[in-house]
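Report on the structure given below.
The values are calculated or read from the model by the stated rules, or taken from the named source; none is laboratory data. Remember, it's a predicted structure, so these values are computed and weren't measured experimentally. Here Cβ is always computed from backbone atoms with ideal geometry, including for glycine, and neighbour counts include all displayed protein chains.
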Amino acid sequence: MRKLLISLAIGAALAGCGKHEAAPQNATDASFEAKLQEQLLDAKPGSVIDIPAGHYSLKRGLSLRTDGVTIRGAGMDKTVLSFKGQVVGPEGLLVNASDFTIENLAIEDTKGDALKINQGKNITIHGVRIEWTDGPKTTNGAYGLYPVKTQNVLIEDSVVIGASDAGIYVGQSHNIIVRRNRAENNVAGIEVENSVNADVYENTTTKNTGGILVFNMPNLSLHGEATRVFRNKVFANDTDNFAAKGAAVASVPAGSGVVVNSNDKVEIFDNDIADNKTANIIIASYFSTNYYNTRGVAADYNPYPKGIFVYGNRLKGGGDSPDGIKLKTLKTAMYGLTGSFPDVLWDGYVDPKNLVDGLPPAADRICIQDVNGVLSADGPHDYKNPSKDMKPFACTLPKLPPVVLNPEPKI
């Protein structure tokens with residue numbers, strides 16, 4: 001279908017404003033906002049909505065419900081949609097559509113989530129900046145880039161700063177690639193939750209509470225497995241946790257590099273992971289989250305991480321100042337006041353019904369190579385009998401295949 005190009009004519013007075021400069025909410029801003037929402041409502045499959053360079057102040061959240069639409073700016077530092085004065089709507093942009101592309105623009109200071117994409121297929125997010133410009137605050141929106149219940153998702157070359165939950169989050173989704181992004185000053189830099197077949201690579205995460213998270217939470221529509229985390233730079237994720245009380249990530253210790261919680265078939269390799277003050281790699285169960293659903297936990301939910309393979313990473317520093325009294329006490333007891341946790345911290349929870357001769361079945365084991373040590377914290381007994389024994393982790397697992405998006409996005 002021939003693409004319909006919709007060019008939004010914007011007053012020259014707005015063009016070229018600095019990305020943090022507050023443009024006044026005047027008639028020009030109001031007319032821009034009304035025109036943009038009209039174009040989103042009237043869009044047809046194949047429509048391209050071009051937004052020229054400028055800093056635009058919006059008061060209402062935007063929405064799109066038409067498949068096959070592209071929203072395109074002039075660059076993530078040139079086309080800025082600012083929601084600093086937002087009074088209506090929980091999101092900046094809510095998309096309920098498939099075959100959707102958004103590229104080369106910024107969304108700032110939304111009241112809630114910045115860009116939420118719900119139940120779509122073939123989603124491409126390219127060159128998008130999400131930012132809460134006043135720095136890390138609990139009152140910031142929870143999620144930056146937020147595809148949920150989606151299929152064939154590509155998030156690339158984007159930046160997210162300041163989310164009070166996760167900067168880049170993909171949940172309950174299939175076939176995901178998250179690559180070449182930067183996430184900083186979020187609670188979770190990048191989070192893959194309850195999703196199947198995800199590749200997370202060549203990203204940089206720093207100054208978050210936790211760098212890269214791979215989680216499975218209870219009572220959701222999909223059980224997550226098969227995530228590869230590789231060729232990322234994950235360093236100095238030491239920002240104090242500023243998540244809202246009761247959020248699942250509120251229990252992530254400041255200084256967490258790569259965290260696997262209750263997920264299965266996770267492969268962590270060829271990353272540069274350094275100077276995350278609690279631990280560079282954390283492997284844990286649901287029981288260590290301090291997050292308990294008031295509805296209870298579904299009977300088929302498995303809270304234990306299974307089939308975790310860590311190998312070939314470059315790790316240094318970290319573990320020297322863990323977050324929380326219990327972890328500080330454990331570190332001092334095991335390594336002294338000036339010592340550090342080893343590269344990998346495991347909470348020690350195992351499924352007792354699943355053990356064979358004291359170990360999980362071969363496919364369910366946690367296999368760890370090329371690290372300076374593993375501390376099994378003995379969480380089930382409140383850290384009373386921690387162990388430095390590496391023998392339970394001396395194993396290998398089959399490597400996961402690369403994620404292939406079908407169709408391959410065209411950028």
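Looking at (1) farther than 19 Å from Ile176 by Cβ; (2) out of contact with any Phe, Trp or Tyr (no Cβ under 6 Å at 6 or more places or on another chain); (3) aromatic (Phe, Trp, Tyr), which is the only condition Phe287 fails?
(2)
Look at Leu64 and say whether it is in contact with a helix residue (DSSP H, G or I) (Cβ under 9 Å, 6 or more places away or on another chain), at pLDDT 95 or above, surrounded by 17 or more Cβ atoms within 10 Å (Cβ to Cβ) and within 27 Å of Asp134 (Cβ to Cβ).
When the stated conditions are applied, Leu64 does not pass them.
Just wondering, is there one or more residues in the range 221-232 that are of a type in the set (Phe, Trp, Tyr) and either under 25 Å from Gly112 (Cβ atoms) or part of a loop (DSSP other than H, G, I, E, B) (or both)?
no
If you check every pair at least six apart or on different chains, which have Cβ atoms under 6 Å apart with a residue in the range 59-76 that is farther than 19 Å from Gly89 by Cα first and a residue that is modelled with pLDDT of 95 or more and surrounded by fewer than 17 Cβ atoms within 10 Å (Cβ to Cβ) second?
Asp67/Pro45; Gly68/Pro45; Gly68/Gly46; Thr70/Val48; Arg72/Asp50
Of the residues that make up the range 225-243, is at least one over 22 Å from Arg179 (Cα atoms), at pLDDT below 95 and not aromatic (Phe, Trp, Tyr)?
No: zero hits.
Hey, which of the strands (runs of 3 or more DSSP E) in the range 255-373, taking only ones fully inside, have at least 3 residues that are touching a His at 6+ places or on another chain (Cβ under 7 Å), surrounded by fewer than 19 Cβ atoms within 10 Å (Cβ to Cβ) and not charged (D, E, K, R)?
Passing ranges: none, list empty.
Every residue in the range 371-382 that is modelled with pLDDT under 95 and within 15 Å of Pro322 (Cβ to Cβ), please.
Matches in the range 371-382: Gly379 only.
Could you pull out the residue among Lys353, Lys331, Lys306, Lys316 that is basic (Lys, Arg) and without any contact (Cβ under 8 Å) to a residue 12 or more places away in the chain?
So the residue among Lys353, Lys331, Lys306, Lys316 that is basic (Lys, Arg) and without any contact (Cβ under 8 Å) to a residue 12 or more places away in the chain is Lys353.
Consider Val48 against the criteria (1) within 23 Å of Leu154 (Cα to Cα); (2) modelled with pLDDT under 95: it satisfies all of them except one. Which criterion is unmet?
Failing condition for Val48: (2).
Taking only the range 77-91 into account, find how many residues are without any contact (Cβ under 8 Å) to a residue 40 or more places away in the chain and closer than 15 Å to Phe32 by Cα.
Of the residues in that region, 4 qualify.
Does Glu103 count as buried (at least 23 other Cβ atoms within 10 Å of the Cβ), among the acidic types (Asp, Glu) and part of a strand (DSSP E or B)?
The answer is no for Glu103.
Just checking, how many residues over the range 47-100 are closer than 13 Å to Ile117 by Cβ and charged (D, E, K, R)?
4
What tally of residues in the range 73-92 results from selecting those that are over 11 Å from Leu62 (Cα atoms), β-branched (Val, Ile, Thr) and either modelled with pLDDT under 95 or part of a loop (DSSP other than H, G, I, E, B) (or both)?
So the count comes out to 1.
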